[in-house]
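The values are calculated or read from the model by the stated rules, or taken from the named source; none is laboratory data. These figures come from a predicted structure and were not determined experimentally. Glycine gets a Cβ as well: all are built from the backbone with ideal geometry, and neighbour counts include every protein chain shown. The area values use the complete protein model at the heavy-atom level, side chains included, leaving out ligands, DNA and RNA. Shrake-Rupley method; radii C 1.70, N 1.55, O 1.52, S 1.80 Å.
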Amino acid sequence: RVNVKTFRCSTLLLLSLLSATLVRCKKKLKIHFPRNIVRGSLRGGRPMRGGIRPPFKKTFVPRHPFDLTLAEVFFPKVAPAVDDSALTAALLKRNQDLSPTASEQTAIGNLVTKVQAVLDNLVVAPGDFNTCQLEEVRQVGSFKKGTILTGNNVADIVVILKTLPTKEAVEALSKKVEADLKTSMKTEVLTKGDQHTIQTHLRGFDVSNVQAKVRIMIATLPQNLRKLEADIHMDHKLMQNHLAAIRHTRWFEENAHHSSIKVLIRILKDLTKRFDAFSPLSAWMLDLIAHLAIMNNPSRQALPINLAFRRVFQLLSAGLFLPGSAGITDPTEPGHIRVHTAMTLEQQDLCCYTAQTLLRVLTHGGYKHILGLEGNTSIVREMSVWNGVCVSPHTAVYEKPTDKKEGDLEEDIEMIENENEDEGSEDGAE
């Protein structure tokens, strides 16, 4: 048996010897021990004094905007559901008006089939064409997704090159495609409207006739992007956008193939044309917000089109695309890139308060003016009356600082420029 008193004395003696040893080492070897190691950290809950503290780093914690659909369990309805049959009928009618006609679909489909066949042949059997080597040919954009609008008969195809995309190689490829198209159509009886024209541009080249156009966008293998030179090759950012367009189309086909999503996307595209406040919203942003509004709900079933249409304005009004919001994370990019950070702070504010005004108009029965079936877009700039209720347009809240010193950090710490945004890529004509 060990005496308890003897054990305590031995422990105190050992601690004293250890403390004396530390003091001698400090004097002999000139080692500096931070004061907070020895004192101040464990006595009476006092804060540590002295010592080395890491620099304070301000972190950003995004917030989720209020979503009535997800919070419906906690906010049960006390009034009977509103009859939205008129809104549903108006939305379906507007979608029918915006959808391309059968003749437009046929014209685009025929041209895409011919161009795709020529490009696929160059991938498999290039023959004596050695200016550049084709790796892959992929359809992207609204025509591939099934969200194309009437009057915009444009289809997009991305051509991925094995070799570096020099401007001369793109020019040679356009001439080769033109020659092969003429060869393949020798046996056909062509009208004047069926004659093809080729036009090169910064993204690649276009193959068009009177009825439709196919936009060929050039890209290269990801490992070749670091080798691009501005004076010799095509723009690096455009190459990234074209590769992103392939990822966007693949994600859309896997996750957003529901017909209600395509209907809502068409209507939202029309809104971005008619309301300037929504014009900064890219086609990719519209795809994601339409998918969110219809599929992201407790039941995991597609919402009716009328509820999804209202929900889009509710989310934008609640600040879905505002600084500090969690927003919508790009599902095709690594990390946590929120798609709305591609917009400026002024554009985010304008989009939010315009959606708030239109939501009030929608609540009081002004859906025909929002859809463009009646009236005009002055409802977001002028006061309007709906069933005896006066709706005044909201005004901007954000003011850009004018006395910002050079070298200061961005006032919005979570503002990140999205380099992979597909602005003007697969849906640049819309």
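Can you tell me which residues in region 239-276 are hydrophobic (A, V, I, L, M, F, W, C) and within 23 Å of residue 350 (Cβ to Cβ)?
Once the filter is applied, which keeps residues that are hydrophobic (A, V, I, L, M, F, W, C) and within 23 Å of residue 350 (Cβ to Cβ), region 239-276 yields 264, 265, 267, 268, 271, 275.
Which number in (1) hydrophobic (A, V, I, L, M, F, W, C); (2) surrounded by fewer than 17 Cβ atoms within 10 Å (Cβ to Cβ); (3) outside any strand (DSSP E or B) marks the one condition that residue 352 misses?
Among (1) hydrophobic (A, V, I, L, M, F, W, C); (2) surrounded by fewer than 17 Cβ atoms within 10 Å (Cβ to Cβ); (3) outside any strand (DSSP E or B), residue 352 violates only (2).
Being assigned by the TED database to the domain that holds residue 136, closer than 29 Å to residue 289 by Cα and at pLDDT below 95 is the requirement here; does residue 165 meet it?
For residue 165, the condition - assigned by the TED database to the domain that holds residue 136, closer than 29 Å to residue 289 by Cα and at pLDDT below 95 - is not met.
Could you give me the residue pairs with C-beta distances under 8 Å whose first residue belongs to region 87-98 and is farther than 15 Å from residue 308 by Cβ, whose second residue is of a type in the set (Lys, Arg) and in a helix (DSSP H, G or I) wherever it lies, and which are 6+ apart or on separate chains?
From region 87-98, the pairs are 98/266; 98/269.
Any residue that is free of Cβ contacts under 8 Å to residues at least 12 places away in the same chain and closer than 21 Å to residue 64 by Cβ - is there at least one of those in region 259-267?
Looking for residues that are free of Cβ contacts under 8 Å to residues at least 12 places away in the same chain and closer than 21 Å to residue 64 by Cβ, one finds none in region 259-267, hence no.
Do we find a residue being out of contact with any Lys or Arg (no Cβ under 6 Å at 6 or more places or on another chain) and over 30 Å from residue 360 (Cα atoms) anywhere in region 273-295?
Taking every residue of region 273-295 in turn, none turns out to be out of contact with any Lys or Arg (no Cβ under 6 Å at 6 or more places or on another chain) and over 30 Å from residue 360 (Cα atoms).
Just the residues that are open to solvent by less than 80 Å² (accessible area, probe 1.4 Å) and touching a residue at least 40 places away in the same chain (Cβ under 8 Å), please, taken from region 71-85.
Selection gives 84 alone.
Taking region 291-321, which residues are open to solvent by 40 Å² or more (accessible area, probe 1.4 Å) and within 15 Å of the chain's Cα centre (by Cα)?
291
Using the structure shown, decide if residue 277 is small (Gly, Ala, Ser), in a helix (DSSP H, G or I) and closer than 20 Å to residue 138 by Cβ.
no
Is it true that residue 329 is open to solvent by less than 40 Å² (accessible area, probe 1.4 Å), of a type in the set (S, T, N, Q) and touching a helix residue (DSSP H, G or I) at 6+ places or on another chain (Cβ under 9 Å)?
no
When you scan region 112-125, do you find a residue that is under 30 Å from residue 372 (Cβ atoms), without any contact (Cβ under 8 Å) to a residue 60 or more places away in the chain and assigned to a helix (DSSP H, G or I), even just one?
No, that holds for no residue.
Of the residues in region 179-208, how many are exposed (fewer than 13 other Cβ atoms within 10 Å of the Cβ), among the polar types (S, T, N, Q) and within 27 Å of residue 164 (Cβ to Cβ)?
1
Can you tell me how many residues in region 240-287 are aromatic (Phe, Trp, Tyr), under 26 Å from residue 161 (Cβ atoms) and assigned by the TED database to the domain that holds residue 344?
So the count comes out to 1.
Considering only region 209-233, state which residues are part of a strand (DSSP E or B) and either open to solvent by 40 Å² or more (accessible area, probe 1.4 Å) or not assigned by the TED database to the domain that holds residue 133 (or both).
Start the filter on region 209-233 by keeping residues that are part of a strand (DSSP E or B), which leaves 213-220, 233.
Within region 209-233, 213 is the sole residue that qualifies.
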